[in-house]
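Only one structure is covered here, and it is reproduced in the block below.
The values are calculated or read from the model by the stated rules, or taken from the named source; none is laboratory data. Values in this document were obtained by computation on a predicted structure and should not be read as measured data. Because the Cβ atoms are built from the backbone with ideal geometry, glycine has one as well, and the counts that use them run over all protein chains shown.
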Amino acid sequence: AQSVTQLDSHVSVSEGTPVLLRCNYSSSYSPSLFWYVQHPNKGLQLLLKYTSAATLVKGINGFEAEFKKSETSFHLTKPSAHMSDAAEYFCVVSYGGATNKLIFGTGTLLAVQP
Amino acid sequence: GAVVSQHPSWVICKSGTSVKIECRSLDFQATTMFWYRQFPKQSLMLMATSNEGSKATYEQGVEKDKFLINHASLTLSTLTVTSAHPEDSSFYICSADQGGTEAFFGQGTRLTVV
């Protein structure tokens, strides 16, 4: 069965330091991969998406992610954390069509310390 | 990007009553919409796929008689939680498929059943 695993449920960083949120997916066939952010009591906002084009994907707010097929990973990074980045981040995979049946990871709660 | 509007954003209802949640695509037509549920501190789980003009497809374990989905037009899908009970309290969120490579999410509805 298709699945996506977010390795860390909580990540805490200091403002101005790098952010790394890890994500691995199962490799049944070519996936589409997404990172979404959810601020408290808000809906989901798309940060970036990979759909078989460039493996290094740049998103909004300075985030980027690299698709590594050999490692079945799609980790999210940002060079310098900002206080406003504190939120829940979801790695999402879709198979058999970009928007068919999104499968969500369990989420990573990012805390940013001043 | 495309806009999906979900209403209401929060609702409190008495146990045994029914609640209707609306999901509208404001600037595009959506033949397919998706309904997700998110329990506290958990990830989003797909409940059902709503297809315009036909019956919804429910995921395993989701009671179709309890969660009624109607997708009567290309811009509106509704989810009705019938005979709601406290265990139905959750965050419900819809997404719409524009036929591209991205799903667009509504703002979500926080349902509390007392």
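Results, tabulated for the structure shown:
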{"item": "Filter pass, A:GLU15 being at pLDDT 95 or above, more than 10 Å from chain B (Cβ to nearest Cβ) and surrounded by 15 or more Cβ atoms within 10 Å (Cβ to Cβ)", "result": "no"}
{"item": "Residue within segment B:76-93 that is facing another protein chain (nearest Cβ under 10 Å) and either closer than 14 Å to B:SER50 by Cα or without any contact (Cβ under 8 Å) to a residue 24 or more places away in the chain (or both) present", "result": "yes"}
{"item": "Candidate set: segment B:1-57, residues that are among the basic types (Lys, Arg) and within 12 Å of another protein chain (Cβ to nearest Cβ); chosen: the one nearest to B:PRO86 (Cα to Cα)", "result": "B:ARG37"}
{"item": "Any hit, segment B:64-80, residues being farther than 18 Å from B:GLU22 by Cα and either surrounded by fewer than 17 Cβ atoms within 10 Å (Cβ to Cβ) or within 11 Å of the chain's Cα centre (by Cα) (or both)", "result": "no"}
{"item": "Which numbered condition A:THR51 misses (of (1) within 23 Å of B:SER50 (Cβ to Cβ); (2) touching a strand residue (DSSP E or B) at 6+ places or on another chain (Cβ under 9 Å); (3) at pLDDT below 90)", "result": "(1)"}
